[in-house]
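Report on the following structure.
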Amino acid sequence: PSEIAPLPSLRIADPHDRSWLPPGTVNIINGYGTTIGRALTSHPLITKLAFTGSMLVGRKILKACSESNSKVVTLELGEKDPTGFR
């Protein structure tokens, strides 16, 4: 989530809203993008990452993951409106 406004994402992670999911299915990690991104892309026990955001950051994530343990990466890129339909 955004380091400026993390509360909406934390609300999604509320256990009462996702009690039907197995534990550990949803993990929300707060922090500054660069710091968290480096930790997630380089950690050897993380095997899958999903990212929604800009093309620039998506390229950096894909490159970093390929240089670590070749994680499976899902990217949804689109600059201002990554989830919009045109």
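Values in this text are rule-based calculations from the coordinates and carry no lab data. Please read these numbers as outputs of a predicted model, since none were measured by experiment. Heads up, the Cβs are rebuilt from the backbone with ideal geometry, glycines too, and the neighbour counts pull from every protein chain shown.
What ³J(HN,Hα) values, in whole Hz, does the Karplus curve 6.51 cos²θ - 1.76 cosθ + 1.60 give for the range 52-69 when θ = phi - 60°, with x put for Gly and Pro?
For the range 52-69, the Karplus curve yields 10, x, 7, 4, 4, 5, x, 4, 4, 5, 4, 5, 5, 5, 5, 8, 9, 10 Hz.
Out of residues 5 or more away from T52 or on other chains, whose amide H comes under 5 Å of its own, with H placed 1.01 Å from N in the peptide plane?
Result for T52 returns E76.
At R0 = 41 Å, how high is the FRET efficiency between D14 and K63 if r is their beta carbon distance? Nearest 0.05 is fine.
Numbers: r = 34 Å, r/R0 = 0.83.
So the FRET efficiency works out to roughly 0.75.
At 7 Å along Cα-to-Cβ for each site, give me the label-to-label distance between E3 and T25 in nm.
The modelled label-to-label distance comes out at 3.1 nm.
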